[in-house]
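Worksheet: one structure, shown below.
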Amino acid sequence: MEDPKAAPVNSEIKDYKSKTIAQKIIKILRNKRSPWILAGCGGLVIFFFIFAITVNSFQNQIKYKDNTIRNLESQINSLKSTIRDLEKDLEEKEEERKDIPTSGMENNGANEEIIQIEVDFFNEPEMVTGFSLFKTREVNGTFYDPDEDAKFYKAGKVAEGSYKGMDFQGYDYYVVDYSPQVSTEGLDLVRFIKKEGENQIHFIQYYLYPGNSEVIEDNIFKWDFEIVDLYKNVSFFIDEEESMWQVEVVSDNGNMYRYSGYEGIPFSDLDLLEVDSIDGVKVYIAKENKDGSSYVKSADGFIHELSYVPEIVEEIIDSYDEPISITWSDGSSNRSFYDYISIGGCFGNLIEVEEIDSNVLSKTGTGSEGSTIYEYTDQNDSYRREVYQEYIDGELYKYNDISEDDGGPFSYDKFVTKHPVFYWKDPFGRFIKFASRDFIFTGGCAKPIIYLYPQFPTEITVTIKPKGELTFSYPRYKAGWNVLVSPSGKIMNLGDCKTYDYLWWESRADSVDIPQEGFVVARDEIEPLLEEKLSRFGLNDKEINDFKEYWLLKMLEDDTPYYFISFLFNDEVNQIAELEFSKEPDSEMRIFMVYKPLMYREVVPVLEIPHHEREGFTVVEWGGARID
């Protein structure tokens, strides 16, 4: 080891040597009587200077690499320690799982994992209280208890079923209508069983289970079994090869329905009118006709929602490119496309039913089977005015299928002659509203747009497979977009030979699981949050600006102080629609924002934003929707 007392002396010696050498070199260079020395030594000096700089550089690189290696070794050791801690935690949790209390539970020898239990359902669910399942949450500086808003129903008793050696016979069966202020994974309904007098609660995970951050973990168990005959009253919708959403059935009276979902609303709480039957199972509608749902009573006393398919659209129910068959009163045929479900909404499938006095309507056309098409006699009705305003504000005249308004929007009088809205009376006496896609954005999964960046000029076919219904496209989508794309992202649509910056589509989705993680921000914090998160995901400046240009104004239309904002990424966006390409992308980046206006600031788990690098042929897509 070097003597520390010798350090100053060594330093002085080095300084002396350096100064002496430098002085000698300068003296030689100044000697005008020795030009040959100047030339020879000059080259030598330059060589040594370069050599010294190179050596010093190598020494610095070696020191840097040594420091880097030490830092990496430290990080690896830290990761090893973290892994050991996690393994220890997993071992402890596994031991806890093995020690599930079984006191008072008869072991009938059924140690195998079964997948079903049988329940004797009550005719009417009984509302109960006294449960404490969900964690309190901080809302605007105060604590909110979700249990206060949750509705607990006792709906039956387990008749038979054992699981991992536990006999559940005699356990009570409960349904919970759980509606948190901020959406949690799209779930608002849970089921569990519990033995009277015991604290253990057994969630039936096969159906729905709230996020782990939502429930109090004490005495909570989760089991992956199903309930026999829970869906027996709607079994005719079940198809092994397709989801229940895509199956249509025809009733005993010839009416068509689609399955919408199970709701945690007791059947006895609704004022319903029997109007139809399917395989002998009664179908109901609300007496007041406030929404377009149809209902079937569930086996456990709640309701299944059905969506009635109007007769005039039965033949084109799965077609995006075929208009409804209507002959207008002037003898012309309809060429426009109309929607009648959740107009302007992204998630939902409620028929647009209007309570209208037939005396204010006039016949303006004839549909299939001779049915009557109606419109308001007074051409200044409020809804038509609302649609006209969106036609102007949304500049739909630039994007719709009508060529007459390419140079500018129609006047209101001209707009009315294009039948922007009409009404059709269904077999149950309800007036159903239809709105034209030429004048209003009927789908609320708004402006998903697709950017394409191939490495070379490439012809590509892009196909959308919506999990609901496609309601708008630009350029016009006809069983796919066939386009020629340059590396800069410019798109030539081969269908109309026009150039576009992106492909634009909108739809309505059947259902989407909304993340419970996200961000709650004030109005003035929205823009910087979007810039930060979209940039983190991998969008470039143009894409971010396009996103903000559309969504900022739309979001601020709600006059609320706070907003819950979250995102779906890549495969999660397939819940809304899948994309297919004739040439497989090397990089695919899909991001879909969901937001909810809030009156109070809430605390939610933070959503982690993944980062994506662009490699090769890259596809980028963004979109969004407001959730209620």
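The values are calculated or read from the model by the stated rules, or taken from the named source; none is laboratory data. The shown structure was predicted, so the numbers you read here are calculated from the model rather than taken from an experiment. Positions of Cβ are generated from backbone atoms using ideal geometry, with glycine treated the same way; all protein chains shown enter the neighbour counts. For the accessible areas, the whole protein counts, side chains as well, though only heavy atoms, and no ligand, DNA or RNA atoms are used. Shrake-Rupley method; radii C 1.70, N 1.55, O 1.52, S 1.80 Å.
Tabulated values for the structure
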read-out: Of all residues in the range 520-540 being assigned to a helix (DSSP H, G or I) and under 19 Å from SER587 (Cβ atoms), the one that is most open to solvent (accessible area, probe 1.4 Å); value: ARG536
read-out: Enumeration of residues in the range 252-306 that are open to solvent by less than 10 Å² (accessible area, probe 1.4 Å) and part of a strand (DSSP E or B); value: TYR257, ASP276, ILE278, VAL283, ILE285, SER293, SER294, VAL296, ILE303, HIS304, LEU306
read-out: Residue list for the range 497-519, filter: part of a strand (DSSP E or B) and touching a residue at least 24 places away in the same chain (Cβ under 8 Å); value: TYR500, LEU503, TRP504, TRP505, GLU506, SER507, ARG508, ALA509, GLY518, PHE519
read-out: Extreme residue, most open to solvent (accessible area, probe 1.4 Å), among residues of the range 613-628 that are part of a loop (DSSP other than H, G, I, E, B) and within 29 Å of LEU598 (Cβ to Cβ); value: ASP628
read-out: Enumeration of residues in the range 310-334 that are modelled with pLDDT of 90 or more and either open to solvent by less than 40 Å² (accessible area, probe 1.4 Å) or part of a loop (DSSP other than H, G, I, E, B) (or both); value: PRO310, ILE312, ILE324, SER325, ILE326, TRP328, SER329, ASP330, GLY331, SER332, ASN334
read-out: Only listed residue being touching a Leu at 6+ places or on another chain (Cβ under 9 Å) and closer than 30 Å to GLN575 by Cβ, chosen from GLU375, GLU390, GLU386, GLU352; value: GLU390
read-out: Per-region count, the range 498-519, residues in contact with an Asp or Glu (Cβ under 6 Å, 6 or more places away or on another chain) and either surrounded by fewer than 18 Cβ atoms within 10 Å (Cβ to Cβ) or modelled with pLDDT of 95 or more (or both); value: 1
read-out: Unique residue being surrounded by 19 or more Cβ atoms within 10 Å (Cβ to Cβ) and in a loop (DSSP other than H, G, I, E, B) when the list is PHE456, PHE439; value: PHE439
read-out: Residue within the range 401-411 that is aromatic (Phe, Trp, Tyr), surrounded by 15 or more Cβ atoms within 10 Å (Cβ to Cβ) and outside any loop (DSSP other than H, G, I, E, B) present; value: no
read-out: The range 541-561, residues that are surrounded by fewer than 19 Cβ atoms within 10 Å (Cβ to Cβ) and either in contact with a strand residue (DSSP E or B) (Cβ under 6 Å, 6 or more places away or on another chain) or part of a loop (DSSP other than H, G, I, E, B) (or both); value: TYR550, LEU556, GLU557, ASP558, ASP559, THR560, PRO561
read-out: Qualifying residues in the range 578-612 (those that are in a strand (DSSP E or B) and either among the acidic types (Asp, Glu) or on the phi > 0 side of the Ramachandran plot (or both)) - the one least open to solvent (accessible area, probe 1.4 Å); value: GLU602
read-out: Those residues of the range 520-538 which are over 17 Å from GLU608 (Cβ atoms) and touching a residue at least 24 places away in the same chain (Cβ under 8 Å), in sequence order; value: ALA522, ARG523, ILE526, GLU527
read-out: Residue count for the range 337-374, restricted to those that are at pLDDT 90 or above, outside any strand (DSSP E or B), of a type in the set (Ser, Thr, Tyr) and within 29 Å of TYR259 (Cα to Cα); value: 1
